[in-house]
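Reviewing the structure listed below.
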Amino acid sequence: MQLYLHDPVASVTRPDLRLIGYRRLELTPGAAARVTFRFHPDLSAFTDRSGRRVVEPGALELRLAASTTDVRHTARLTLTGPLRELGPDRRLVCGTEVSEVPGET
């Protein structure tokens, strides 16, 4: 599974989709698993016109996909608060967890 970030209204032109997390799964036929992605808003950061790395409040979309052309689910969210400049302590890792789905085989 892959997790992509889309920023439809950024103040600067950015790539349409950005891969922020992934987890490879090998399942037997009929098996199911739950994948949990945990990430910090710092992963939405970009370089603004003045060259600073910033997190900008506003609308974002998360897209859960098998590939860039095979999007399975889209979740819209809104980052709130002021524009924030990132320092060297920024968090740029998307953690993943896989757990069994009860009752599935």
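The values are calculated or read from the model by the stated rules, or taken from the named source; none is laboratory data. Since the structure is predicted, the reported quantities are computational estimates derived from the model, not experimental observations. Please note: Cβ atoms are built from the backbone with ideal geometry, for glycine as well, and neighbour counts cover all protein chains shown. Note: accessible area is taken over every heavy atom of the protein model, side chains too, but ligands, DNA and RNA are not part of it. Shrake-Rupley method; radii C 1.70, N 1.55, O 1.52, S 1.80 Å.
Miscellaneous remarks
- For region 9-31, a tally of residues being assigned to a loop (DSSP other than H, G, I, E, B) and either open to solvent by 70 Å² or more (accessible area, probe 1.4 Å) or within 23 Å of G95 (Cβ to Cβ) (or both) returns 13.
- First in region 70-96 and over 12 Å from S44 (Cβ atoms), second anywhere and of a type in the set (S, T, Y), Cβ under 7 Å, 6 or more apart: T96/T36
- Residues in region 36-52 that are in a strand (DSSP E or B), surrounded by 15 or more Cβ atoms within 10 Å (Cβ to Cβ) and over 13 Å from the mean Cα position of the chain (by Cα): F46 only.
- Considering region 2-18, the residues that are touching a residue at least 12 places away in the same chain (Cβ under 8 Å) and among the hydroxyl-bearing types (S, T, Y) include one that is nearest to P41 (Cα to Cα), namely Y4.
- Summed over region 13-35, residues that are at pLDDT 90 or above, among the small types (G, A, S) and more than 16 Å from the chain's Cα centre (by Cα) total 2.
- Residues that are of a type outside the set (K, R), surrounded by 10 or more Cβ atoms within 10 Å (Cβ to Cβ) and part of a loop (DSSP other than H, G, I, E, B) within region 60-105 comprise T68, L83, L86, L92, V93, C94, V101, E104, listed in sequence order.
- Residues of region 53-73 satisfying the condition of being within 19 Å of V93 (Cα to Cα), under 16 Å from the mean Cα position of the chain (by Cα) and among the charged types (D, E, K, R): E56, E61, R63
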